[in-house]
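Reading through the structure tokens given below for one structure.
The values are calculated or read from the model by the stated rules, or taken from the named source; none is laboratory data. Every value quoted in this text rests on a predicted model; they were computed, and no experiment measured them. So basically every Cβ, Gly included, is an ideal-geometry build from the backbone, and we count neighbours across all protein chains shown. These area figures cover heavy atoms from the full protein model, side chains too; ligands, DNA and RNA do not enter into them. Shrake-Rupley method; radii C 1.70, N 1.55, O 1.52, S 1.80 Å.
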Amino acid sequence: MYALLLFAMAIAPALAIVLYIFFKDQHEKEPIHLLVKCFLLGALVPVFVLLADAVLKPLGEAYLPNNQAFYTAFVLAGLVEELGKFLVVRYYAYRKPDFNEPYDGIIYSVMVSMGFATLENVLYVWQGGMQVALLRMFTAVPAHASFAILMGYYLGLAKFRHVRGRL
């Protein structure tokens, strides 16, 4: 029973954010199947992160031997995770005909990001328990959503303002 509660606590924040963003779309709702695919592709981004970590970790150890926290926070989480999510949105959702208004950038970015955050959250909560679930509910998951909103905003502008290089 406790495991079920932990699982619910791990997926609840992302589910709440996904529903909020979905219902904020005032013009043309996105197809559910495309949103689900983006969510699932986002859940695959940790594979990219693990592969990138395997390649970059020796560099981090060589150039940042006494600062693994910097490597983890800025290289792995800041650069690799966000790059992985960006690549999914840019090379999958961005090309779809349903990406037809600027707000769609936010919707698809959030779906990819919440797929990533859900898997990450389940793994962390499974290891850390209820305290981790409560902490991540108010920190990591909303942070992933915030970064996705910013990324999606600029992807939407780039697609419809035709100034890709600057945005």
Accessible-area ranking of Phe48, Phe7, Phe116, Phe22, largest first, probe 1.4 Å: Phe7, Phe48, Phe22, Phe116
Structure-based [θ]222 nm, the chain - -39500 (n - 2.57) summed over DSSP H runs of at least 4, per residue, nearest 500: -24500 deg cm²/dmol
For the range 11-167: accessible area per residue (Å², 1.4 Å): 56
Ranked packing of 81-90, 100-109, 24-33, 66-75, most packed first, by mean Cβ within 10 Å: 100-109, 81-90, 66-75, 24-33
Computed lengthening from Gln26 to Leu59, 0.36 nm per intervening residue step minus Cα-Cα distance: 7.3 nm
Lysine pairs within the range 1-139, Cα separation less than 24 Å, 8 or more sequence positions apart or different chains: 10
Read-out Cα extents along the principal axes in Å, derived from the coordinates shown; its label in (i) 47, 45, 22; (ii) 39, 33, 27; (iii) 52, 41, 28: (i)
The range 88-117 residues near the modelled Arg161 label - backbone nitrogen below 16 Å, point 7 Å along Cα→Cβ: 101-106
Extension gain (nm, one decimal) between Leu44 and Gln68, 0.36 nm per residue minus Cα-Cα: 6.2 nm
Relative contact order (%) - the range 35-167, alpha-carbon pairs under 8 angstrom, separation at least six: 33
Of all accessible heavy-atom area on the chain, the percent that carbon and sulfur account for (1.4 Å): 71
Rounded Å value of the spacing that divides the Cα centres of the range 92-151 and the range 10-44: 9
The range 3-112, relative contact order [Cα under 8 Å, separation at least 6], %: 42
